[in-house]
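First the structure, in the form of structure tokens, and then the observations on it.
The values are calculated or read from the model by the stated rules, or taken from the named source; none is laboratory data. What you see is a predicted model; the values in this text were computed from it and never measured. Cβ sites come from the backbone with ideal geometry, for glycine too, and all protein chains shown count toward neighbours.
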Amino acid sequence: MESRYNAAAIEKKWQKEWDERGLDKTPEDKTKPKFYALSMFPYPSGNLHMGHVRNYTITDAIARLKRMQGYRVLHPMGWDAFGLPAENAAIDRGVPPAQWTNQNIAHMKGQLQQLGFSLDWEREVATCAPDYYKWTQWIFLQFLEAGLAYQKEAAVNWDPIDQTVLANEQVDSEGRSWRSGAIVERKLLRQWFFKITDYAEQLLNDLDKLDGWPDRVKTMQANWIGKSVGATLEFPVVGMDEKIGVFTTRPDTVYGVSYVVLAPEHPLTPKVTSKSQKQAVNAFIKEIAEESELERTAEGKPKRGIPTGGKAINPFTGEEIPIWIADYVLYEYGTGAVMGVPAHDKRDFQFAGENNLPIKTVIIPEGGDANDPLDAAYVEPGIMVNSGQFDGLPSSEGKEKIIAYAEKKGYGKARIQYRLRDWLISRQRYWGAPIPVIHCPSCGIVPVPNADLPVPLPENVEFSGRGPSPLAQMDDWVNVPCPSCGEPAKRETDTMDTFIDSSWYFLRYPDAQNEQEICEKDKVNDWMPVDQYVGGIEHAILHLLYSRFVTKGLRDRGLLDFDEPFQRLLTQGMVQGKTYFNPNKGGKDKWIPSASVNPNDPRDPQTNEPLELCYATMSKSKGNGVAPEDVISNYGVDTARMFILFKAPPEKDLEWDDADVEGQFRFLNRVWRLVADFVGMDPNKKSKKKLKDKVSLTKEEKNLRRAIHTAIKEVSEDMEGDYQFNTAISELMKLSNALSDFPRKESPVYREGIETLTILMAPFAPHIADELWHELGYKTSVHSASWVKCDPEALVVDEITLVIQVMGKKRDVIQVPASASKAELEQYARESEGVQKYLEGKEIKKVIVVPGKLVNFVAM
């Protein structure tokens, strides 16, 4: 065995060995329990970054551990390959999206293979491949048939110069188009939706089943679903046969309504607007159309509005109240209208104050006075006042009675509402899965027959970034006969949101090569749900919520036998790098790339101003990234893995530090030398003496065995549940130190320790572990070996260290049997030569014995 640890050669060797031996292939032996380990698949941007490496290293360590623990493991990889960046590349570079995407996939796949992840590449999927999006389209048709897919008008981002719909990513922080620079408008277009709101209650209630999810993520999802219990109340419009419906969680405040507010986009807005207000209202609507939803609803922002000139009637009081429109009311939320109760709603209080609208108190704290002036909205429960027949009721009781009264009188009814809105899935872009429907003048919307899937993306497309989707301009593709009646018809030219692709990909892996169906039911039900899912917290809401919804939808179509897709979820922290910034600059200009800074005297290369240092998430814009290939070329894959797993718990942010990377490299070299020295004692590897006689072990051997099995116990526990890899690796270091200090290398206990250390290292540093295992005389891979088990007997301590004190001062330390009684401990202490001189000629007044720790003599 070479005395030098050559990471590059070893890693190349074992990556080839694993591939040839098929160690990464998914076994079909159903006599073993299954374990499905999955990382969120990446977008093929062209290069892996350290965030990718951390994500996949965590999952790979788990997958390798589970194989060694006797599980059959599914650990696949694929590509979230549709999306806007490929289309932008086509515009900017003149490269077809498919070509750009496939080049990036090939490059990133090579990087992943270089990192030695135990991925089953035979199950690889790419969402832009026809054999994948065929089934994305099939899912759409399933949902269409089930009444879960529909079309309606919805507001979109509209570029008035390029005359095209923009994704949110194409609108900058100032509300301008990424290409033309024009202020983006909001425009109503017919859009496709999935009816996720039909599953709102299930999605909320089933969060209780997800014991393996972080509470933080479950809370985020619950808040996004946003269940509210209240009532829909209707306010008749004066002079019209129309009513304004509002949803409220506080029906007990209805007697305090002093105005009603419509969203500018509400269809009633033009109807209720008086002739004298028409010009002003239209101007306001046009101005609001230029604002994003975020701008309109931002906290602390002034609430702008304008009266329509119309009036409504509060059915509970009979009073006429003004109808306004305001920027903070969105048509997509609830009914698109709100009742203004300024005395008991913070936002209404602000709006009423800014527009001189009446404020009427109808809820007071117990013992309060309805005539007390309000400095702020009172939003707590209390006693109802100025509320007619409901005066004096506690507000909680008043809510129920108001709702019952409204239902009796026809003013409204009880209702549960959700913040969650239906999922807008259509995109006016090319690079996505075409929506498989055909619009027929006679038949209406006609689904593409399953036999005609996939509806292919044409390749001879020109990209300008202007006007409608490129698909809409391809007459040969758009114009087709109706599948139902044969008349001339047109394809749908919208493509699907890329969240659709990622909402079901985990279902494809168990049967990725199936050309006849999305997946064989027995196979998907065998492998699913995913046992451990790993990905970023940024996907805590949309991706995970959509995946849960699609799973439930397909379950109800009879394809799946489970309710939830992911049994356990680990959201890893970000990778942060040392980052220099100029505190005197703002925006992107304040970040100074590390490569252009002298770390001994960090200054802005342009202004010579002193720079400050912090840790920030690695990114190109901050110039603080570390390329994975640089780390690998300097230290090797195993060192990078060890650092990533050791530096921080997986759910915390990781601060990149070159010194700590170097530390892990030194540790691997120490382990290498331990094995090299051991193998050097028996170069023919004939000595594989196993420990048989545990009784006659020396004290040193017992201590080493205790260290070995303590490591087994602690590492095994750390690798379950929350996966505390950092503390597990600390245990490896402790065991390494114990082996280094052990004097008798020929002892079978020492060999047990060396082999145990190698096995325990395997999930973390798989290449060096396999090489060391081979050097120890084994012909099979260490990753085929069984995970070591703790021997409880080895943890039993035969002797303890007893501190002996006289008058509270330590005078001696001796070794005594661990099983010694208090009387025996006192006797051992009395016989200690080290304390005899301190007790000579003195009378022992009292003896204090703390079992397992000390004996203290009180002597005079």
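Annotations
- Annotation note: of ASP348, ASP372, the sole residue that is of a type in the set (D, E, K, R), buried (at least 22 other Cβ atoms within 10 Å of the Cβ) and assigned by TED's automatic domain parsing to the domain that holds SER276 is ASP348.
- Candidate set from the stretch 74-93 (those that are surrounded by fewer than 17 Cβ atoms within 10 Å (Cβ to Cβ) and either free of Cβ contacts under 8 Å to residues at least 60 places away in the same chain or basic (Lys, Arg) (or both)); member that is nearest to LYS16 (Cα to Cα): ARG93
- In the stretch 1-19, residue farthest from GLU662 (Cα to Cα) [restricted to those that are surrounded by fewer than 14 Cβ atoms within 10 Å (Cβ to Cβ) and at pLDDT below 90]: GLU2
This table checks each residue for (1) among the acidic types (Asp, Glu); (2) within 18 Å of ASP563 (Cα to Cα).
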position	(1), (2)
VAL171	no, no
PHE194	no, no
GLU201	yes, yes
LYS209	no, yes
ASP215	yes, no
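- Scanning the stretch 381-414 for residues that are part of a loop (DSSP other than H, G, I, E, B) and not small (Gly, Ala, Ser), we see that the one that is nearest to PRO365 (Cα to Cα) is PRO381.
- Criterion: in contact (Cβ under 8 Å) with a residue 24 or more places away in the chain, in a helix (DSSP H, G or I) and more than 21 Å from LEU457 (Cα to Cα) - qualifying residue of GLN137, GLN113, GLN151: GLN113
- Taken together, GLU185, GLU124, GLU201, GLU145 contain a single residue that is in contact (Cβ under 8 Å) with a residue 24 or more places away in the chain and in contact with a helix residue (DSSP H, G or I) (Cβ under 6 Å, 6 or more places away or on another chain), which is GLU185.
- For the stretch 831-860, the tally of residues that are surrounded by 12 or more Cβ atoms within 10 Å (Cβ to Cβ), touching a residue at least 12 places away in the same chain (Cβ under 8 Å) and over 55 Å from the mean Cα position of the chain (by Cα) stands at 12.
- Where ASN479 falls short, out of the listed (1) exposed (fewer than 13 other Cβ atoms within 10 Å of the Cβ); (2) at pLDDT 95 or above; (3) under 38 Å from the mean Cα position of the chain (by Cα): (3)
- Contacts under 9 angstrom Cβ, first residue in the stretch 275-303 being in contact (Cβ under 8 Å) with a residue 12 or more places away in the chain and at negative phi, partner of a type in the set (Val, Ile, Thr) and part of a helix (DSSP H, G or I), 6 or more apart: VAL281/THR269; ILE285/THR269; ARG296/ILE288
- For the stretch 215-225, the criterion of a residue being aromatic (Phe, Trp, Tyr) and within 30 Å of HIS439 (Cβ to Cβ) is satisfied by no position.
- Unique residue being at pLDDT below 95 and crowded, with 18+ Cβ neighbours inside 10 Å when the list is GLN170, GLN137, GLN142, GLN163: GLN170
- Test result for ASN582, out of contact with any Phe, Trp or Tyr (no Cβ under 7 Å at 6 or more places or on another chain) and exposed (fewer than 12 other Cβ atoms within 10 Å of the Cβ): no
- The number of residues in the stretch 417-470 being closer than 24 Å to GLN170 by Cα and not in a loop (DSSP other than H, G, I, E, B) comes to 6.
- Taken together, the residues in the stretch 498-538 that are under 23 Å from the mean Cα position of the chain (by Cα) and in a loop (DSSP other than H, G, I, E, B) amount to 5.
- Here the stretch 572-588 is the region considered, the condition is being of a type in the set (Lys, Arg) and not in a strand (DSSP E or B), and the residue that is farthest from ILE62 (Cα to Cα) is LYS585.
- Inspection of the stretch 760-772 identifies no residue that is closer than 30 Å to GLY116 by Cβ, exposed (fewer than 14 other Cβ atoms within 10 Å of the Cβ) and of a type outside the set (Val, Ile, Thr).
- Out of LYS152, LYS187, LYS209, sole residue that is basic (Lys, Arg), surrounded by fewer than 17 Cβ atoms within 10 Å (Cβ to Cβ), modelled with pLDDT under 95 and farther than 23 Å from VAL455 by Cβ: LYS187
- All positions within the stretch 596-613 that are outside any loop (DSSP other than H, G, I, E, B) and farther than 15 Å from ASN584 by Cα: SER596
- Within the stretch 585-606, considering residues that are in contact (Cβ under 8 Å) with a residue 24 or more places away in the chain and exposed (fewer than 11 other Cβ atoms within 10 Å of the Cβ), the one nearest to MET50 (Cα to Cα): ALA595
One line per residue, one yes/no per condition, for (1) in a helix (DSSP H, G or I); (2) within 25 Å of the chain's Cα centre (by Cα); (3) not assigned by TED's automatic domain parsing to the domain that holds PHE764:
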residue: ALA616; (1), (2), (3): no, yes, yes
residue: SER619; (1), (2), (3): no, yes, yes
residue: VAL626; (1), (2), (3): no, yes, yes
residue: VAL631; (1), (2), (3): yes, no, yes
residue: ASP638; (1), (2), (3): yes, no, yes
residue: ILE644; (1), (2), (3): yes, yes, yes
residue: GLU651; (1), (2), (3): no, yes, yes
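- Selection count where residues are in a loop (DSSP other than H, G, I, E, B) and without any contact (Cβ under 8 Å) to a residue 60 or more places away in the chain, scope the stretch 5-19: 1
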